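The structure appears right after this line, and notes come after that.
The values are calculated or read from the model by the stated rules, or taken from the named source; none is laboratory data. Everything quoted here is computed from the prediction, not taken from an experiment. Glycine gets a Cβ as well: all are built from the backbone with ideal geometry, and neighbour counts include every protein chain shown. Side chains included, ligands, DNA and RNA excluded: accessible areas come from the protein's heavy atoms. Shrake-Rupley method; radii C 1.70, N 1.55, O 1.52, S 1.80 Å.
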Amino acid sequence: MEQHFKHPSWIRSKYFAFFIVVLGNFAGALDASVVNIALPGMSKYFNVGLPQIQWVITVYCLGIVSILPISSKLGNRYGQNKIYSLGFILFGLGSLLCALSPCLSALIVSRFIQASGSAMLFALAQSVVANMFTGVKRGQFLGMIGSVVALGNITGPSLGGILLDTFGWQSLFNINLPLAAFGAYFAYKSLPSVKRRKLGKINANSAVLFMALSVCFFTALSLAEQAGFANPHIIVMLGISAVLAFFFFRHEKRTKTPLLNLSLYGNKVFAYGNAAMMLVFIATSVNGLLIPFYLQDIYGLSAFKTGTLILFYSVPMILVSPLSGRLSGYMGARKLTVGSMVILICGLLWYMNIGLEFKEYQIIIGQIILGIGNGMFNSPNNNSIMNAIERKFYNDASGLNALARNTGIVLGVSLTVNIFDGLIKFLQKGGAEHTSAFISAYHITLGLAVLAAAAAGILSYFGKEPDKQI
């Protein structure tokens, strides 16, 4: 690997390789949310209802979660540069097929192909960065990965609105094609080719069980957004998920080639850090999902104005993330991660006090506070996680980190929709008007985010930090 970076060309630069990693993760995260705003137009185009068109979103999440562990194994077996390049290729191919889809079924299949590519980009990102950088720089650049994913999820709706109004829903996928071609070529040329074939064996039984578990569980969560968790079909699917989970984890403990390296969770720093990460993405998903609706439904703002205000979340997050990464090398992760959750909670409480009257400064201040809190958390948390394990397990750890992150996003969206929608219906049955019911439901649902952030702060405090930088 050292000879790889002695090449004089700028293509071999660590910083250019990091740019390629960031590009892949931003694109994958962006496409998880950019399509949301196009669903009404797509439903008219394909002449289907909401229960059918929502699978455009659901299948993307399912594809990412179910393919992530396999992607980590493939990275060990064939090399990070090859699999990351393949991720870009599949992402681009899926995007092209999405834009050309003649029917909804073809679009859903194409989205799964696109998600498979995104899974490869997510699975290997932290491992690639951890292999290229050490010490303070590792913390700085590792943290930016999580922030870039959050940035992609937040900015997706606003960017999607601009493209949708100007070029139509197909443009949401066509824009990925030059990016994917660029990323595929330079990922192969610039990323390190790190192979650990002994850790790259894929257990077919584990893979089938995990994919079945993922599909069943996350489909149940998605359908529950419309049917509710009390629906008999949802209960049955969750029960089947529990049975599949039992057999999967029992098989993982007995096999010599597990799909998930569960032994890593025996490390307290790794286990607590991943749990905290999942909770933070649950917390940030709540307001990230609801604030666009609040700004447009309650305040009557345009999609462009809404997107502009949302960007005040992104800017401080980008600025704070590398700074907190550098500080974590000197201060340790605990102080920064706990402090970030205090800031995040303050931002959520700030939004719990906004009312019917639109005050632009209130929205901007709230977005800035949340952006600082999120950006301040990702870098030190990711750095402590990767520093706590042996280098040979970086691919496994990177995949598990991405799995925790995406699970947090899916859970956050599902819980938010169910709680928020249920509260609005309950308040309206009690005689409340739509506007007052909306505001009250929004404030109460933010309580879920506060609880998730508080739990993440507690885990960050009690999670033992590594004794030294690796």
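Details
- Residue 13 paired with residue 308, simple spin-label distance in nm, labels 7 Å along Cα-to-beta-carbon: 3.4 nm
- Nearest-20 debye value, region 334-470 charge dipole, Cβ charges on Lys, Arg, Asp, Glu: 340 debye
- Where 433, 252, 360 fall by accessible area, highest first, once all protein chains stay in place (1.4 Å): 433, 360, 252
- Our note on the geometry: Cα centres of region 199-258 and region 413-438, 30 Å apart.
- Theoretical gain in end-to-end length, residue 440 to residue 174 [0.36 nm per residue, Cα-Cα removed]: 91.8 nm
- Area projected by the alpha carbon convex hull of region 259-325, averaged over all directions, nm²: 6.7 nm²
- When a 1.4 Å probe is rolled over the protein heavy atoms, the share of accessible surface on the chain that falls to carbon and sulfur comes to 68 percent.
- Calculated FRET efficiency, residue 421 to residue 268, Cβ-Cβ distance, R0 = 51 Å: about 0.85 to the nearest 0.05.
- In this structure region 40-100 gives 35 Å² per residue of accessible area when probed at 1.4 Å with all protein chains present.
- Rounded to the nearest whole Hz, the Karplus-based 3J(HN,Hα) values (6.51 cos²θ - 1.76 cosθ + 1.60, θ = phi - 60°) of region 358-368 follow the sequence 7, 10, 4, 5, 5, 5, 5, 4, x, 5, 5, with x at glycine and proline.
- Simple label model, 7 Å out from Cα along Cβ direction - residue 349 to residue 165, nm: 3.7 nm
- Look at the Cα gyration tensor of the chain: its axes a ≥ b ≥ c give a/c under 1.5, and that counts as rounded.
- On the basis of the beta-carbon distance and an R0 of 25 Å, residue 297 and residue 364 show a calculated FRET efficiency of 0.85.
- Cα-based shape type of region 196-346, given that a ≥ b ≥ c are square roots of the gyration tensor eigenvalues and the cut on a/c is 1.5: oblate
- Gained length - residue 356 relative to residue 433, 0.36 nm times residue gap less alpha-carbon distance: 26.4 nm
- Here region 93-133 is scanned for amide nitrogen atoms under 17 Å from the site 7 Å beyond the Cα of residue 255 along Cα-to-Cβ, giving none.
- Basic side chains Lys and Arg get +1 at the Cβ, acidic Asp and Glu get -1 at the Cβ, and with that the dipole of the chain about its Cα centre reaches some 2080 debye.
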